[in-house]
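Asks: Before I ask anything, here is the structure I am working with.
Any read-out appearing in this document is the output of simple, stated calculations on the displayed coordinates, not a laboratory observation. Source: prediction; values computed, not measured. We place every Cβ from the backbone using ideal geometry, glycine too, and count neighbours over all the protein chains shown.
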Amino acid sequence: MADLYGGMTDKMFEVLAATSIAKWWNSQEDLIKNFGRIHASEVYTTWKCKAIENFKGLFGVPRDGDGLYFEFTYHAAKNRCYLDVYKKQTQVIVPFSCDNSSNSTDVE
């Protein structure tokens, strides 16, 4: 069912994103060889939001070691969806303290 504005609903967005991600994944021979095929029901939502009539979400798949995450966007004014695929490069530990007196905002 469409929302009050006749556009994309939350559920429609999630289904379209999951289906698109699974379709993209299953078209990549190297991913299938190393991690197997996926079904849209395996795609999970990490974060999503709706601003005005647009949606954006971050998604993942339960495959250890693939290092991929997915950004799916619905642009209402253009009635288009975009799928961006990202690969994690590194993870850096950022030291901090909850004591505000030891946190510096100065840029060197």
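Asks: Please give the strands (runs of 3 or more DSSP E) falling wholly within segment 13-108 in which 3 or more residues are in contact with a Leu (Cβ under 9 Å, 6 or more places away or on another chain).
Replies: 44-51, 68-75, 80-87
So that you can scan it fast, the table gives a plain yes or no per residue for (1) surrounded by 17 or more Cβ atoms within 10 Å (Cβ to Cβ); (2) of a type in the set (Phe, Trp, Tyr):
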residue: 27; (1), (2): no, no
residue: 35; (1), (2): yes, yes
residue: 44; (1), (2): no, yes
residue: 60; (1), (2): no, no
residue: 70; (1), (2): yes, yes
residue: 90; (1), (2): no, no
